[in-house]
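Reviewing the structure listed below.
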Amino acid sequence: MSKRLTAVLIFSFISTLLVSAQPQVYITPYCTGINGRISDVATNGDGRLYVTTQMGSIYIINQGGVLNSVPFLNIQPKVTPTSVNNTGEQGLLGLAFSPDYANDQTFYIYYTNKSGIGNSILARYKVTSNPDIADSLSEEILLDIQQPYTNHNGGCLKFGNDGFLYLGLGDGGSNGDPGNLAQNMNEYFGKILRIDVSSQPTGYTIPATNPYYSVVGAKQEIWASGFRNPWKFSFDKLTHDLWIGDVGESTWEEIDFQPASSTGGENYGWRCYEGNATFNTSAGCNGSYTSPVYDYSHSVTGGCSVTGGYVYRGIQNPSMQGIYFFADYCNGSVYALDPNNQNSVVTAGTFSGNFFSTFGEDDSGELYLGDNNNGTLYKIVWSPTGVNDINPSANVSYFVKENVINISIHNTDANFIHVELLDLNGRQLLKQFSSLHKGNNQLQFPVKLANSTYIIRIISERFILTKKITVCD
């Protein structure tokens, strides 16, 4: 308990020091028109991105953002959601390709099926002789878990550097983990599992090095426990450390960490704790927990659901190497956590109106964000000049006069506008939000500018415009 309290005070102190500063990220549409709510992004070494939707389809995005019109796999008849407007947490939620995909042509998916209220299914599939089309008849079900509720399904799938497959499962749902399942080692719920799917042609085996391998009354597949809903986790490509975004209840979101040297068995505390705060210690709490490396409150940030991301290992911005990026589904913010600076966190970018449900990492280590609401996969870029416009013909005009940015938006049905002004080094000089009404809008944003050239970004849910402006007396 005292360790937890100390951690709360430390992180509270650090949070008062954080300001929006570098690192700074921008997003540009990489692929639009994806049919359904994006739930995951995976790769297999062929240079392409594979995007899953909750409705039950996997789409291939070729280099340059070109979308294959025919899905790689479509299992919609098997999957719980019945319409593209499904707003729940069920569906096709996870995808991982075998580390030896070039030879074994095997991949794994996680989805909720139509049995009962939606069982959790882990299945293995093969690809056909056509690399663009999976064999929909090749399904082999490896796990079939009956869910007590429809929410908190988890579903993240990742292969570790050890070659084993890791699967995240939520606490079974409802509110507050009513059965305290995340603390019950005889239940799969609220756990990350680790299994060996390559040592035999069918089924799976349990690694003898799993922490509960020889424990009577425990699920031997368990690798770590005490999660509410570990919606997205990832392994650092370089260090192989494990980073976990665990979605909170109603107050706190948390980022958990497991070093590559771990032998497993960490308990991250839910439902006893939500973040570093006590939640429910009335029963089943033994006091031996691993605290999050970072937590943040809903009330302070306007967030409500963490989306775990990746440690950046790309080549386009070497200065960001080793920074862990994550997001929040509700406030549209992308955050940067620096493990080499006491896990300090800054807001790297806020994109109001976006609902980031997943990150993606391509074969080169560059990062992407999937929007669960608009069928768009965005690429993270490091300069405003790398941002592509959306609907560049939108009826928007602007000019700068006497230290005021004047913006006219004509005949719009957009609901909000977000205006950013940056210098040519990408330093943010102005960030303003304003609501809009239907029809014509005249907006003014005071800002004092020296004679120079600047970049202005005008963003709404209907358009994104990025332009250079020159100020001279």
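The values are calculated or read from the model by the stated rules, or taken from the named source; none is laboratory data. Predicted model, so just to flag it, every value in this text is computed and none were measured. Don't worry about glycine lacking a Cβ; one is built from the backbone with ideal geometry, like all the others, and counts go over all protein chains shown.
Observations, loosely collected:
- Every listed requirement among (1) in a loop (DSSP other than H, G, I, E, B); (2) small (Gly, Ala, Ser); (3) more than 18 Å from GLY168 (Cβ to Cβ) is met by GLY264 save one, (3).
- Test result for ILE192, outside any loop (DSSP other than H, G, I, E, B) and within 22 Å of SER39 (Cβ to Cβ): yes
- Being over 17 Å from VAL247 (Cβ atoms) and either polar (S, T, N, Q) or part of a strand (DSSP E or B) (or both) is a property that does not hold for LEU167.
To keep it simple, each residue is scored yes or no on (1) among the acidic types (Asp, Glu); (2) touching a Leu at 6+ places or on another chain (Cβ under 9 Å); (3) part of a strand (DSSP E or B); (4) modelled with pLDDT of 95 or more.
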{"site": "THR52", "(1), (2), (3), (4)": "no, yes, yes, yes"}
{"site": "ILE58", "(1), (2), (3), (4)": "no, yes, yes, yes"}
{"site": "THR82", "(1), (2), (3), (4)": "no, no, no, no"}
{"site": "ALA102", "(1), (2), (3), (4)": "no, no, no, yes"}
{"site": "TYR108", "(1), (2), (3), (4)": "no, yes, yes, yes"}
{"site": "THR112", "(1), (2), (3), (4)": "no, yes, yes, yes"}
{"site": "GLY116", "(1), (2), (3), (4)": "no, no, no, no"}
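- When each of ASP162, ASP171 is tested for being in the same structural domain as GLN90 (by TED's automatic domain parsing), surrounded by 24 or more Cβ atoms within 10 Å (Cβ to Cβ) and either more than 28 Å from the chain's Cα centre (by Cα) or farther than 22 Å from ILE141 by Cβ (or both), the lone residue that passes is ASP171.
- Any hit, the stretch 260-281, residues being surrounded by fewer than 20 Cβ atoms within 10 Å (Cβ to Cβ), under 26 Å from GLY360 (Cβ atoms) and touching a strand residue (DSSP E or B) at 6+ places or on another chain (Cβ under 8 Å): yes
Per-residue answers, yes or no, for (1) surrounded by fewer than 23 Cβ atoms within 10 Å (Cβ to Cβ); (2) in a loop (DSSP other than H, G, I, E, B):
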{"position": "SER214", "(1), (2)": "yes, yes"}
{"position": "GLY217", "(1), (2)": "yes, yes"}
{"position": "ALA224", "(1), (2)": "no, no"}
{"position": "ARG228", "(1), (2)": "no, yes"}
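- Residues in the stretch 322-336 that are surrounded by 21 or more Cβ atoms within 10 Å (Cβ to Cβ), farther than 16 Å from THR239 by Cα and among the hydrophobic types (A, V, I, L, M, F, W, C): PHE326, ALA327, VAL334, ALA336.
- So ASP177, is it of a type outside the set (Val, Ile, Thr) and within 21 Å of GLY275 (Cβ to Cβ): yes
- The listed residue being assigned by TED's automatic domain parsing to the domain that holds THR150, surrounded by 15 or more Cβ atoms within 10 Å (Cβ to Cβ) and at positive phi, out of GLN54, GLN105: GLN105
- Among the numbered conditions (1) crowded, with 18+ Cβ neighbours inside 10 Å; (2) free of Cβ contacts under 8 Å to residues at least 12 places away in the same chain, the only one that ASP177 does not meet is (2).
- Residues considered: ALA327, ALA336. Of these, the only one that is hydrophobic (A, V, I, L, M, F, W, C) and either in contact with a Pro (Cβ under 9 Å, 6 or more places away or on another chain) or modelled with pLDDT under 95 (or both) is ALA336.
- Search result, residues across the stretch 282-318 that are within 27 Å of ASP362 (Cα to Cα) and without any contact (Cβ under 8 Å) to a residue 12 or more places away in the chain: PRO318
- The residue list TYR268, TYR273, TYR296, TYR289 contains one member that is of a type in the set (Ser, Thr, Tyr) and under 17 Å from the mean Cα position of the chain (by Cα), which is TYR296.
Here's the yes/no breakdown for (1) in a strand (DSSP E or B); (2) modelled with pLDDT under 95; (3) among the hydroxyl-bearing types (Ser, Thr, Tyr); (4) more than 24 Å from GLY155 (Cβ to Cβ):
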site	(1), (2), (3), (4)
GLN342	no, no, no, yes
ALA348	yes, no, no, yes
ASN354	no, yes, no, no
SER357	yes, no, yes, no
GLY365	no, no, no, no
LEU369	yes, no, no, no
GLY375	no, yes, no, no
TYR378	yes, yes, yes, no
THR385	no, yes, yes, yes
